[in-house]
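The values are calculated or read from the model by the stated rules, or taken from the named source; none is laboratory data. Here the structure is a predicted model, which is why all the values come from computation and not from measurement. We place every Cβ from the backbone using ideal geometry, glycine too, and count neighbours over all the protein chains shown. The area values use the complete protein model at the heavy-atom level, side chains included, leaving out ligands, DNA and RNA. Shrake-Rupley method; radii C 1.70, N 1.55, O 1.52, S 1.80 Å.
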Amino acid sequence: GRAFEGSAGGSGLVIENATLVPGQTVLLHFAASEGLPSFNALCEIVGKKFVKDIRDAKSPVQYNVRFVKMDSRTEPKVQKYFLGN
């Protein structure tokens, strides 16, 4: 999948998997981007929006996730990246 937005508390993602459901907890890997190192985060699916013309379980779906837990060394870097603190 790919992130299309982010914040200190979570992210918006497009994932080619329509089987995830709100309330589900998933472990996600976020690749490094400008000024933000790659990291893993335990996330809760908090929103799901289907795209037009869903054909099967692998059709792209927009998800909103909330960061539940991440490595204690990574969390301050994510906070600084999004909040500038």
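Some values worked out for this structure:
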{"quantity": "Residues located in the stretch 24-48, provided they are farther than 11 Å from Val65 by Cα and either open to solvent by 70 Å² or more (accessible area, probe 1.4 Å) or outside any strand (DSSP E or B) (or both)", "calculated": "His29, Ala31, Ala32, Glu34, Gly35, Pro37, Ser38, Asn40"}
{"quantity": "Among the residues listed as Glu16, Glu5, Glu34, Glu75, the single one being touching a residue at least 24 places away in the same chain (Cβ under 8 Å), among the acidic types (Asp, Glu) and out of contact with any helix residue (DSSP H, G or I) (no Cβ under 8 Å at 6 or more places or on another chain)", "calculated": "Glu16"}
{"quantity": "Condition met for Val61 (surrounded by 14 or more Cβ atoms within 10 Å (Cβ to Cβ) and at pLDDT 95 or above)", "calculated": "no"}
{"quantity": "Verdict on Val21 being surrounded by 14 or more Cβ atoms within 10 Å (Cβ to Cβ) and modelled with pLDDT of 90 or more", "calculated": "no"}
